[in-house]
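Chemist: One structure, pasted below without further comment.
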Amino acid sequence: MVGRGSERVEVLDIDGSELLLNLSTTGVAFLHSGPLEENRSVTLTINEVRVEGQVVYCHQRTDSYRIGVRFNTVTTEEQAAVRRMVDSFSCGVPLRFSFEISPLKQQHL
């Protein structure tokens, strides 16, 4: 895409339970069966790389939800690993993707 400062891979068919729609060095978009609240913290696992992120959007589709997650502070090593995954996938190497929803923090009144 023009104007984006990061590499991106679109429409990734993977062997996990979720469908990863795109991957860049700054975040991901994926399909999920249920909604997630904006700003909700999640832990993403892409191949063996675990990255913390926050939900930035959740759009309902006909039979699922498109979820966008921006990576939180990503280390140089994690960025390099994501770039390698983007390159590998473009050469036909499949990606494994999953995520965990972080528990909501209790607010003390």
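Read the figures in this text as sums done on the coordinates, not as results from a lab. Given the structure is predicted, the values throughout are model-derived calculations rather than measurements. Don't worry about glycine lacking a Cβ; one is built from the backbone with ideal geometry, like all the others, and counts go over all protein chains shown.
Chemist: Treating only the Cβ atoms of Lys and Arg (+1) and Asp and Glu (-1) as charged, compute the dipole magnitude of the range 18-71 about its Cα centre; round to the nearest 20 debye.
Modeler: 100 debye
Chemist: In the calculated pair distance distribution of the range 8-101, what percentage of Cα-Cα distances lie above 23 Å? Please list the in-between numbers first.
Modeler: Numbers: 705 of 4371 pairs.
The answer is 16 percent, as a whole percent.
Chemist: Same structure again: How high is the relative contact order of the range 8-101, given as a whole-number percent (alpha carbon pairs under 8 Å, six or more residues apart)? Could you put the intermediate results ahead of the total?
Modeler: Numbers: 203 pairs, mean separation 31.2, N = 94.
The value is 33 percent.
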